[in-house]
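First the structure, in the form of structure tokens, and then the observations on it.
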Ligand SMILES: Nc1ncnc2c1ncn2[C@@H]1O[C@H](COP(=O)(O)OP(=O)(O)O)[C@@H](O)[C@H]1O
Ligand SMILES: [Mg+2]
């Protein structure tokens, strides 16, 4: 439904968004994930026609945003919850939106009830809102015109845990009813529970995309094992000789290799293993690795994203690590 | 909705009609504290100044009052007060960053800006009407109390042409400055400076460089606008003076401002 096609946005010589392509499909929640400054907001602003693209194109349902008549009725946008006149009440802000979109004023009350802003809160001026309340108001504004597509930039920012859970439910059911949702976040755990698909962006470039399973599968090169033996030092030496990265971890070792490899190394060196298990690879590790400032280009064992317009997924590889492994292996951070 | 249709069906959706954008912008002109008090102050000053004149007329002996006397000072005040409306209406979208939402709702930005101009024009006309209604009431009251000293001398040229035209011109001038700067205090300062100070500055320059004096009628907006109060320009040269100064002070800033509004990133 949303097609981003080789989008580049440059500020001078700096490319905030660099040749980004992806697709958000109907009936699905797409998570747009990346650290601060990765280019998420810029990409979404181009979607809503607020920032011009340097090259490339974004279409929504085949149309440029500016070609959609009364776009609020088709695309709900929340880019910056604070970007409203602070002197207007929450109700007034929604009333202005409803008036412009040609909606009955009853719609304002419906939306206020939906996002859980009480009458008293809705009649307060927005400059007195907490960030969470602004976020709720922004979500209400995005949903006002009953759109088919939702574009939400960091909507969970400032929401309390109950609010985040509420939003998850809201977006999930919205997508189940056939809506298209794109939501961005710099926090993995905000997104991974609801996103059917994830787009990982770092330094303006897409570093991986696909659903959780295929992302993890694609990251098998980063698989780790946790091992304990009677002679960790000798084992570490053996593994290092075989070209694996070894880190001491607690009473054992963490090895960047599948368990089978570690077992073979121990056998060859004649070392008795006392514990050997897969350290798995968490999405968080993957996320950090792919988007970290020092991310080496070769480090992504994830194949490059498939061409746009295609189903977005990373092809499965023969020896998949278990996908039900813990998301954050012990000491998973480097 | 089916998953197989990745296109938006917009066939049943009408674009936002212009009158609705005007309605929205009109609502924005009074739904904030600053906007409301500005409107209130303009209305109050337009009425109050005339009432003050009425009282001073009533308590003084042997002075005459005509209908036009009531509007004279108020008109001059309106010339700089009413333009604050478009300045506020345009610049707050940027200072409060609500432009992000405004232009997401109507991505054809020029329509939003035109709607703001339409609201400013309508409010300016309303201010002129208010001015004359209050003047009529005051004259009627004066006529009642001191009929011998009151005169209903109405200059129709000023009433129907001069007053509306001048107030409208300065309002559009304010709008132009606002579009150019997109910043409330800067726009107010530049508006007042160019309205009040430019004539003096130009005259000073002309005193130093005599050749510049010939240029004066072509570039002083204030003089040309005030001349409008007595009716449309009479000759070709006067028309030229007016049009050139309008292009210089209004056309140019609107052009530059609009180009920027239409092309700049909305943050
Ligand atoms: N107007 C601008 N001029 C220069 N750089 C900009 C501008 N807008 C954004 N950037 C830069 O583009 C990068 C991406 O920003 P953004 O899209 O907001 O990231 P994210 O939303 O992922 O945190 C940042 O490094 C930011 O500083
Ligand atoms: Mg951002």
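Figures for the structure shown
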item: Identity of the residue in region B:215-267, in a helix (DSSP H, G or I) and within 14 Å of chain A (Cβ to nearest Cβ), that ends up surrounded by the fewest Cβ atoms within 10 Å (Cβ to Cβ); result: B:263
item: Test: residue in region A:11-24 that is buried (at least 18 other Cβ atoms within 10 Å of the Cβ), assigned by TED's automatic domain parsing to the domain that holds residue A:209 and within 22 Å of residue A:139 (Cα to Cα); result: yes
item: In region A:8-49, the residues that are within 11 Å of chain B (Cβ to nearest Cβ), touching a residue at least 40 places away in the same chain (Cβ under 8 Å), more than 13 Å from ligand 1 (Cβ to nearest atom) and more than 11 Å from residue A:151 (Cα to Cα); result: A:23, A:25, A:26, A:27, A:28
item: Any pair with Cβ under 8 angstrom, 6 or more apart, that starts in region A:186-209 at a residue that is under 12 Å from residue A:32 (Cβ atoms) and within 14 Å of another protein chain (Cβ to nearest Cβ) and ends at one that is more than 14 Å from ligand 2 (Cβ to nearest atom) and modelled with pLDDT under 90; result: A:197/A:209; A:197/A:210; A:197/A:211; A:197/A:312
item: Within region A:135-147, tally of residues that are more than 16 Å from ligand 1 (Cβ to nearest atom) and more than 18 Å from residue A:32 (Cα to Cα); result: 9
item: Flag for residue B:77 being surrounded by fewer than 20 Cβ atoms within 10 Å (Cβ to Cβ) and at pLDDT below 90; result: yes
item: Out of B:21, B:45, sole residue that is surrounded by 12 or more Cβ atoms within 10 Å (Cβ to Cβ), within 14 Å of chain A (Cβ to nearest Cβ) and touching a helix residue (DSSP H, G or I) at 6+ places or on another chain (Cβ under 9 Å); result: B:21
item: Subset of region A:31-55 that is assigned to a strand (DSSP E or B) and within 16 Å of ligand 2 (Cβ to nearest atom) - its residue that is surrounded by the most Cβ atoms within 10 Å (Cβ to Cβ); result: A:32
item: Restricting region A:59-90 to residues that are more than 7 Å from chain B (Cβ to nearest Cβ) and surrounded by 22 or more Cβ atoms within 10 Å (Cβ to Cβ), the residue that is farthest from residue A:11 (Cα to Cα); result: A:90
item: Enumerated strands (runs of 3 or more DSSP E) restricted to region A:147-213, each holding at least 2 residues that are more than 16 Å from ligand 2 (Cβ to nearest atom) and at pLDDT below 90; result: A:205-210
item: Region B:204-214: number of residues that are part of a loop (DSSP other than H, G, I, E, B) and at pLDDT 85 or above; result: 1
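The values are calculated or read from the model by the stated rules, or taken from the named source; none is laboratory data. The model shown is predicted, which means the values in this text are computed figures rather than measured ones. Cβ coordinates were reconstructed from backbone atoms using ideal geometry, including for glycine residues, and neighbour counts include every protein chain displayed.
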